[in-house]
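Let me begin by presenting the structure, written as C-alpha cells, before commenting on it.
Nothing in this text is a laboratory measurement; each read-out follows from the coordinates by a stated rule. For clarity, every value in this text was computed on a predicted model and none was experimentally measured. Cβ coordinates were reconstructed from backbone atoms using ideal geometry, including for glycine residues, and neighbour counts include every protein chain displayed.
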Amino acid sequence: MSLLRSLRLCLVARTGSCQAGPVRLQAPRRWHTSHAGPGLSSASGKELLVKLRRKTGYSFVNCKKALETCGGDLKQAESWLHKQAQKEGWSKAAKLNGRKTKEGLIGLLKERNTAVLVEVNCETDFVSRNLKFQQLVQQVALGTMLHCQHLKDQLSTYSKGFLNPSELSEIPAGPEREGSLKDQLALAIGKLGENMTLKRAAWVKVPDGFYIGSYVHGAVHSPLLHNLVLGKYGALVICETSEQKANLEELGRRLGQHVVGMAPRSVGSLDDEPGGEEETKMLSQPYLLDPSITLGQYVQPRGVSVVDFVRFECGESEEAAEAE
C-alpha cells in the first residue's frame, strides 16, 4: 500500500496519529574550562551563577567560566556564552554538512490574517522529538511570520510567497534572538549533534472577505511553543467567503485535511468533470471524508470559493515539492 493511500485511510478513519513521542532533553555540551576564579564562592557570586544558568540554559560549569572570564558581569557573561556556543555550533555544522536529512517537522503558525508553513529537516526522528529541535522550528516559523508581516502588500486580494533554503537562512531570528536563522541552525546542530537543514517556508496573507483554512496531520501542541503546531504533513487553504470567520474554522480544517490526504496539484473549476482517485484537480477530486461527492460539491452549498492552497510533506523530494 502506498504511503499516500495509507495516509488517506488514516485521515478518513480519524484514528491516525503521527504525534511526536515524549521530549527528551539532552544536556548541553560542555566546553573545556579552567579552575574557578575568585568571587564565585560568595553568596552574591552563587546568586549570579544561578541567574545566568536559568536565563541561558547552559551548564553550571560553562556559566561559571563565563562569569570568571567577564569579571562577574552578567550581561557580558551571557553574550560570551552565546558566542562560545555559536563557535562550537558552526564547527559541528561544518563536520556534519552533507549528511542526509530526511526526517524533521512541518510547523504551522497563524496570526490574524497571516499564516506560515515551514519545514526543518534533521537526520533522525529521535531528534525531531527533542524540544530543542522543536524550538528551532518555532524560531523559523516566527522569523518567517515577521518577514511576511513586514512586506508591503496591496491586500485587495490574497498574497502568497515561498522562501528557499538560502533565503530562509538569511532571515533575522527575531527580537529575542541574535543573528539570523542560519545562526540558530548552527546552535541547534552544536547542541544536538545531527545535521539539520532549513528546507523551505511558505506564507499567506489575506484581506477581509478571505479566510485561511489550515490542518496539520498528527498535530503536536506544546505549551512551551505557544501557537505553533507541529506534524509531518501540513496544508493552508485560501478561501473567499462572505461568512463570519468564526463559522469557518471547522470547514477550513476539513479542506486542509483533504489537501493533505488527496495531494491535489491545482484547484481546478466547479465546471470540471468529477474525477477518480488519481484526479489532481482539487475541486474534481472525490471528497476525502465522503467519496460519493466531489470536493467542489461539498463546498459549493457552503458559500465558500476555494482559490488556492499550499501543501507540505516532510521529507518529500524537491521535484515533488515543486509539482505542488
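Name the residue farthest towards the positive end of the dipole of the range 105-198 from the options Gln149, Leu185, Gln138, assuming +1 on Cβ of Lys and Arg, -1 on Cβ of Asp and Glu, about the Cα centre. It is Gln149, whose Cα lies furthest towards the positive end.
Going from the residue with the fewest nearby Cβ atoms within 10 Å to the one with the most, Ser269, Ser242, Ser284 rank Ser242, Ser269, Ser284. Remark: the range 110-117, residue by residue, has Karplus-estimated 3J(HN,Hα) of 10, 8, 6, 9, 10, 9, 10, 10 Hz, where x stands for each Gly or Pro and the curve is 6.51 cos²θ - 1.76 cosθ + 1.60 at θ = phi - 60°.
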